[in-house]
């Protein structure tokens with residue numbers, strides 16, 4: 001297993017270019033039929049197979065994912081784990097409200113530290129922007145927590161380019177997380193160049209497009225209403241068929257590397273100079289173990305460009321995000 005490392009922004013946080021998204025670890029509000037023991041097992045599988053970065057959030061199971069990730073980490077050296085979590089959802093009124101108020105974010109960090117059973121977070125993201133808080137003030141609260149040693153890197157998630165610029169007014173933003181994949185490439189035009197120019201890392205979520213970029217689907221798939229994929233534009237015609245056509249062009253490259261389509265797609269992200277860490281999710285330990293093998297796949301320049309070109313039509317599609325942001 002290769003031991004490649006990347007640096008988050010201008011910080012001293014170093015981690016693997018492949019992480020693990022944990023929305024299916026305890027995220028019972030997002031996926032049906034999840035079991036706690038499966039979630040703990042898949043986190044441990046990632047850490048045992050060379051993955052260092054764990055990406056969780058309060059809203060995954062309304063604190064349950066953080067608790068399970070904390071339990072899974074207990075058997076490992078904390079300093080060998082890069083722990084990222086996110087907060088902004090305020091349920092104090094009885095329903096979800098997005099809240100970036102500095103006091104609320106401070107409370108969120110303290111609550112996450114307790115649930116994760118740790119005294120510091122490597123990355124804390126403001127999960128979504130609210131409509132009223134000046135973004136530089138929100139980030140300023142996180143900077144004070146950094147100075148206290150509670151967080152090591154400051155992130156924002158699901159922010160527009162203008163909101164990222166506002167949040168970074170004082171140069172405190174280290175990392176941005178947002179949806180990006182070979183099927184959702186609109187950030188290549190504006191956000192990613194800005195991040196590169198300002199030494200801000202980029203972490204894409206949904207990199208495998210909820211499994212569509214793994215090559216496991218055929219043209220006749222359907223999903224129950226309580227499955228998150230049933231709401232996604234990628235699984236609707238004509239995008240779905242176009243995606244399958246592009247995935248078919250990846251298969252010969254995967255075969256040449258004795259790898260899966262998913263492993264080759266993940267390798268493409270890890271070789272993309274605009275991406276720092278890619279965080280595919282998983283529901284089972286064996287999926288994480290298989291994803292980790294992508295760390296050993298190195299694409300030639302020709303192979304990288306072939307994949308890039310196969311998905312060029314998705315650079316210009318106005319698909320927006322897979323899911324609507326919360327109000």
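The values are calculated or read from the model by the stated rules, or taken from the named source; none is laboratory data. Just so we're clear, the structure is a prediction, and the values are computed from it rather than from any experiment. A quick note on method: Cβ atoms are made from the backbone with ideal geometry, for glycine too, and the neighbour counts reach across all protein chains shown.
Residues of segment 257-269 being in contact (Cβ under 8 Å) with a residue 40 or more places away in the chain, in a helix (DSSP H, G or I) and surrounded by fewer than 22 Cβ atoms within 10 Å (Cβ to Cβ), which ones? Don't jump to the end; show me each part of the working.
Step one: list which residues in segment 257-269 are in contact (Cβ under 8 Å) with a residue 40 or more places away in the chain, which gives 257, 260-262, 264-266, 268-269.
Those left that are additionally in a helix (DSSP H, G or I): 261-262, 264-266, 268-269.
Hit for segment 257-269 is 261, nothing else.
Go through segment 271-291 residue by residue and tally those that are assigned to a helix (DSSP H, G or I), surrounded by fewer than 23 Cβ atoms within 10 Å (Cβ to Cβ) and within 17 Å of the chain's Cα centre (by Cα).
Taking segment 271-291 first, the residues assigned to a helix (DSSP H, G or I) are 271, 285-291.
Adding the requirement that they be surrounded by fewer than 23 Cβ atoms within 10 Å (Cβ to Cβ) leaves 271, 285-287, 289-290.
Narrowing further to those that are within 17 Å of the chain's Cα centre (by Cα): 271, 287.
Result for segment 271-291: 2.
When you go through 113, 62 one by one, which is the residue that is out of contact with any helix residue (DSSP H, G or I) (no Cβ under 9 Å at 6 or more places or on another chain), free of Cβ contacts under 8 Å to residues at least 40 places away in the same chain and in a helix (DSSP H, G or I)? Explain how you work it out, then say what you get.
Working: 62 fails: in a helix (DSSP H, G or I).
None of the other options fit; the residue is 113.
Would you list the strands (runs of 3 or more DSSP E) that sit entirely within segment 130-219 and hold 1 or more residues that are without any contact (Cβ under 8 Å) to a residue 60 or more places away in the chain and buried (at least 24 other Cβ atoms within 10 Å of the Cβ)? Lay out the reasoning, then the answer.
Values: elements: 151-157, 175-179, 201-205.
Counting at least 1 such residues, we get 151-157, 175-179.
Would you check if residue 294 is over 15 Å from residue 207 (Cα atoms) and modelled with pLDDT of 95 or more? Give the derivation first.
Working: over 15 Å from residue 207 (Cα atoms): no; modelled with pLDDT of 95 or more: yes.
So residue 294 fails the test.
Quick one: is residue 245 part of a loop (DSSP other than H, G, I, E, B) and either over 15 Å from the mean Cα position of the chain (by Cα) or surrounded by 13 or more Cβ atoms within 10 Å (Cβ to Cβ) (or both)? Before you say what the answer is, go through the steps one by one.
Working: part of a loop (DSSP other than H, G, I, E, B): no; either over 15 Å from the mean Cα position of the chain (by Cα) or surrounded by 13 or more Cβ atoms within 10 Å (Cβ to Cβ) (or both): yes.
So residue 245 fails the test.
Residue under question is residue 46, and the condition is that it be in contact with a helix residue (DSSP H, G or I) (Cβ under 9 Å, 6 or more places away or on another chain), touching a residue at least 40 places away in the same chain (Cβ under 8 Å) and either assigned to a strand (DSSP E or B) or farther than 28 Å from residue 167 by Cα (or both); does it hold?
Values: in contact with a helix residue (DSSP H, G or I) (Cβ under 9 Å, 6 or more places away or on another chain): yes; touching a residue at least 40 places away in the same chain (Cβ under 8 Å): yes; either assigned to a strand (DSSP E or B) or farther than 28 Å from residue 167 by Cα (or both): yes.
Yes, satisfied.
Given (1) more than 20 Å from residue 8 (Cα to Cα); (2) touching a helix residue (DSSP H, G or I) at 6+ places or on another chain (Cβ under 9 Å); (3) surrounded by fewer than 14 Cβ atoms within 10 Å (Cβ to Cβ), where does residue 95 come up short, assuming only one miss?
(2)
Kindly indicate whether residue 234 is surrounded by fewer than 17 Cβ atoms within 10 Å (Cβ to Cβ) and either modelled with pLDDT of 95 or more or more than 24 Å from residue 165 (Cβ to Cβ) (or both).
On the way: surrounded by fewer than 17 Cβ atoms within 10 Å (Cβ to Cβ): no; either modelled with pLDDT of 95 or more or more than 24 Å from residue 165 (Cβ to Cβ) (or both): yes.
No, not satisfied.
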